[in-house]
């Protein structure tokens, strides 16, 4: 039994190292759903999202102030909120990250683990068929500009 238990621990360690990033649990809401709930709660202009240490770290604007939120992936409940440094803002004609994530998820990608707004567009890390992918997304149209293996 001890050997079996050790084998499970080793397999879990290899799997997490192989993925290279924290991945939301299978029971978590899709990132698009979490972002839609945060939009409804007054969060605007999301510029960065990452799944780290078991929850979502989301950076955006609330009431004209830059904030960082920690959000429960199962319920979309805000666990903590603090002031944050100002980040590059989404273009006025840009799609919301929630809409872009919804498009990507509908195209068969997921879960999404990271999204950063860069000058060239959204850089998104996700999985597809169990393989890590790095996408570059046009921030205005949501079109996938590139899809590459994520190192």
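The numbers here are math on the coordinates, done by the rules we state, and not lab data. Please read all numbers here as calculations on a predicted model, not as lab measurements.
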Just 110, 60, 130 to compare: in a GNM of the chain, with alpha carbon springs under 10 Å, which one fluctuates most? 130
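Compute the Rg to Rh ratio over region 21-149 from the alpha carbon atoms, using the Kirkwood formula for Rh, and round to two decimal places.
Working: Rg = 13.5 Å, Rh = 14.5 Å.
With Rg and the Kirkwood Rh in hand, the quotient comes to 0.93.
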So, relative contact order of region 21-149 in percent, Cα under 8 Å, 6 or more apart, is 21
Helix 31-40 versus the longest principal axis of the chain: what is the Cα-based angle in degrees, 0 to 90, to the nearest 10? 40
Compute the long axis of helix 2-19 from its Cα atoms, compare it with the longest principal axis of the Cα atoms of the chain, and write down the angle in degrees, 0 to 90, nearest 10. 30
Pick from 105, 132, 63: which is most flexible by mean-square fluctuation in a GNM of the chain where alpha carbon atoms under 10 Å apart are linked? 63
Considering only 139, 89, 45, give the residue with the highest GNM mean-square fluctuation for the chain, with springs between Cα atoms whenever their separation is below 10 Å. 89
Helix 97-106 versus the longest principal axis of the chain: what is the Cα-based angle in degrees, 0 to 90, to the nearest 10? 50
Between region 25-85 and region 89-136, what's the alpha-carbon centroid distance in Å? 15
